[in-house]
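Peer 1: Have a look at this one.
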């Protein structure tokens, strides 16, 4: 691929299964320009796709290798039995379960032919994890928050016991913390056509699991972020991710931005 | 011919296959030491069931490391006759032996000519050198 283009989709809230199916379709079509023609008839090249979305109702998404039965025995969810009545969906990416409530989800899809961001064929892309997370840290620090990368790991699997069920109880070195609270974690999936990176950004506490604080609970933010609608954070996170990708690939050849305020629009 | 890295054929996606000339027609498949090192800290692996039929290039399993899920591809077509189920509970052993002790599945080969299209050890080493 010569010159890299970026498609940004600011999506409307959708049910969990639909959200996951859209990301899977975007991933499997990552190298197929004709797929993007559905979004823009003039489009004729693969692109890095950034999608920002949230969920039409509180929903659990489970990591690729997790089962819903683990929720019955997990220690970290014992005090909040209400989680068991929530709808749930399986992610294709790794890591632990996410409670999608008072949070924003993003996906970044990188086609396998992207020369500016070579992926190899196995394992994670540390560059993509770091670029997105460092950009978010930079933006939060500009708000005056004590934001940083975790630089620690709870990767205890196989070394003394299972990891917590919920992703936000876990730590990997690139997770984003404000103080000691994790507010952003990401995970990835590889296929022949490319790489999908999912991430979850906590905006504020969820009544379903109030142990996790969101960025709005952790400092004095500008008024529009403190009390504004989720779309304010959607725009902010979109800008941080866009900046991260530009940092990786340089100026994009072309940018297409789609704002989908209506979930009846199919992707 | 023994199951050692020099005697294997490879896919560019780092799966290996060992096809002994013993008349059995059964090949052994795994992922290379380079792949294990690249994956870094394997936490989960899913393997297929005995009896499943695979096409060359088809996914036969998945592995998770550093919150990234990666597929594993079959270098050849055939039917799975044995699965190394025990390996999923001791993935750390792949760090020290990704070959003889780290095999993942055994497949009854349906088209031996596919082996000719795979990378030999020298070609695979050249590919790894290009990766830097």
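None of the figures in this text is laboratory data; all of them are computed from the coordinates on show. Note that the coordinates shown come from a computational prediction; the quantities given were computed from them, not determined experimentally. Here Cβ is always computed from backbone atoms with ideal geometry, including for glycine, and neighbour counts include all displayed protein chains.
Peer 1: Along the Cα→Cβ direction, 7 angstrom out, place labels at residue A:211 and residue A:40. What is the inter-label distance in nm?
Peer 2: 4.4 nm
Peer 1: For B:33-46, what's the mean count of beta carbons from other chains sitting within 10 Å of each residue's beta carbon?
Peer 2: 4
Peer 1: In addition: Let me know the Kirkwood hydrodynamic radius for segment A:1-101, please, with Cα pairs as the basis and the value in Å to one decimal.
Peer 2: Details: mean 1/r = 0.0647 Å⁻¹.
Across segment A:1-101, the inverse of the average 1/r is 15.5 Å.
Peer 1: Still on this structure: Cβ neighbours within 10 Å, averaged per peptide: list B:6-15, B:61-70 in order, most packed at the top.
Peer 2: Most protected by this proxy first, the peptides run B:61-70, B:6-15.
Peer 1: To the nearest whole number, what is the average tally of beta carbon atoms from other chains within 10 Å of the beta carbons of peptide A:182-193?
Peer 2: 3
Peer 1: Let me ask another. Suppose the chain between residue A:138 and residue A:17 were pulled fully straight at 0.36 nm per residue; how much longer would it get relative to their current alpha carbon spacing?
Peer 2: Gain on stretching residue A:138 to residue A:17: 40.3 nm.
Peer 1: How far is helix A:230-249 tilted off the main Cα axis of chain A, in degrees rounded to 10, range 0 to 90?
Peer 2: That helix lies at roughly 60 degrees to the long axis.
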